[in-house]
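The values are calculated or read from the model by the stated rules, or taken from the named source; none is laboratory data. Source: prediction; values computed, not measured. Heads up, the Cβs are rebuilt from the backbone with ideal geometry, glycines too, and the neighbour counts pull from every protein chain shown. Areas reflect the complete protein model, heavy atoms only, side chains present, ligands, DNA and RNA absent. Shrake-Rupley method; radii C 1.70, N 1.55, O 1.52, S 1.80 Å.
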Amino acid sequence: MFHRVALVTGASRGIGREIAQSLCKSNYDIIVASPEVENNEAVAESIRACGGRAMTLNLDVSSQDSVKEGVSAALKEMGRIDVLVNNAGITRDALAMRMKPADWNLVLQINLTGAFYVAQAVMPAMMKERWGRIINITSVVGEMGNPGQANYVASKAGLIGLTKCLAKELASRNITVNAIAPGFIETDMTAVLPQDVKDQMLATIPLKRFGRPSDIANAVKFLASEDANYITGTVIKVNGGMYM
Ligand code: NAP
């Protein structure tokens, strides 16, 4: 059976791991990409156990050299990249007045510039195939703002702009580019938040629960599928109604 190949950044844990495992169940082969060798290998093993081909890439999206080398190695081993999920992301929170330039730069470099580097690297292969899907994981706060996250919010809002620009540039080659804006999802990233912050957030969610990584993976699966072939340049909110 023909399997499409998906490259998922930040696939070692959290939302990225769930996306990789969920795409595998829908018959995609997976390139598991994140900086840590051991974590990638565990996820790749789970993909093989579910019947897919998997390769690991020790990829730091903030380094263009790492991205170029990684994508070229992936194309060599897997033969194609049909779907890119730009999921890698970090936070370094502080009020803007006290935010260190290094933390501003690091978050922008990984969350926004990194997504651009990987998209740019996979474009030629997708253009050649005249088929492709680029799915950028942004955030609810990229649309609504959030105190203490100037760097993260700017990176996620930038990702929405990048999504729309690439959607227009790549449409003629049958490559769609969309974003998913998760609300509050239970992962390592949100586990570190104080309980009172979590309680305040929960009170703002009409569906009265935090999101699960599978809620995001389901939206990715849809955007990657043929069913979504007339959707490009859009942002799908997956946030329990937290921001409409
Ligand atoms: P997470 O559990 O903290 O996982 C982050 C992933 O990104 C890890 O696999 C990490 O690899 C990887 N990563 C970090 N720096 C990287 C780099 N330089 N190059 C490549 N990979 C890198 O985060 P998550 O909650 O699953 O979030 C996934 C995405 O969803 C992020 O873009 C995040 O901003 C977005 N999001 C999350 C939420 C939420 O509530 N959780 C809400 C909205 C949006 P290591 O394991 O090696 O560190």
> Given the structure, is M127 away from the ligand (no atom under 16 Å from the Cβ) and open to solvent by less than 30 Å² (accessible area, probe 1.4 Å)?
Replying inline: no
>> Condition check: in contact (Cβ under 8 Å) with a residue 40 or more places away in the chain, surrounded by 14 or more Cβ atoms within 10 Å (Cβ to Cβ) and over 17 Å from the mean Cα position of the chain (by Cα). Does N174 satisfy that?
In response: yes
> Across the stretch 106-124, what is the total count of residues that are open to solvent by less than 20 Å² (accessible area, probe 1.4 Å), of a type in the set (A, V, I, L, M, F, W, C) and within 13 Å of the ligand (Cβ to nearest atom)?
Replying inline: 3
>> Looking at (1) more than 10 Å from the ligand (Cβ to nearest atom); (2) open to solvent by 60 Å² or more (accessible area, probe 1.4 Å); (3) not aromatic (F, W, Y), which one does V192 not meet, given that it meets all the others?
In response: (1)
> Would you pick out the residues in the stretch 130-144 that are open to solvent by 40 Å² or more (accessible area, probe 1.4 Å) and either of a type in the set (V, I, T) or within 12 Å of the ligand (Cβ to nearest atom) (or both)?
Replying inline: E143, M144
>> Just the residues that are under 12 Å from I137 (Cβ atoms) and open to solvent by 40 Å² or more (accessible area, probe 1.4 Å), please, taken from the stretch 216-238.
In response: I236
> Right, G148: surrounded by fewer than 19 Cβ atoms within 10 Å (Cβ to Cβ) and in contact with an Asp or Glu (Cβ under 7 Å, 6 or more places away or on another chain) or not?
Replying inline: yes
> What number of residues in the stretch 33-72 are farther than 24 Å from L112 by Cβ and either among the charged types (D, E, K, R) or open to solvent by 30 Å² or more (accessible area, probe 1.4 Å) (or both)?
Replying inline: 12
>> Suppose we filter the stretch 1-17 for residues that are crowded, with 24+ Cβ neighbours inside 10 Å and part of a helix (DSSP H, G or I); how many remain?
In response: 3
> Residues of the stretch 92-105 being crowded, with 18+ Cβ neighbours inside 10 Å and within 20 Å of the chain's Cα centre (by Cα), which ones?
Replying inline: W104
> Do the conditions hold for A157, that is, is it open to solvent by 40 Å² or more (accessible area, probe 1.4 Å), closer than 20 Å to L95 by Cβ and within 14 Å of the ligand (Cβ to nearest atom)?
Replying inline: yes
>> Here are the criteria: (1) out of contact with any Lys or Arg (no Cβ under 7 Å at 6 or more places or on another chain); (2) outside any strand (DSSP E or B). Tell me which single one R133 does not satisfy.
In response: (2)
> Condition test on P213, is it within 27 Å of D103 (Cα to Cα), away from the ligand (no atom under 13 Å from the Cβ) and either in contact with a Gly (Cβ under 8 Å, 6 or more places away or on another chain) or not aromatic (F, W, Y) (or both)?
Replying inline: no
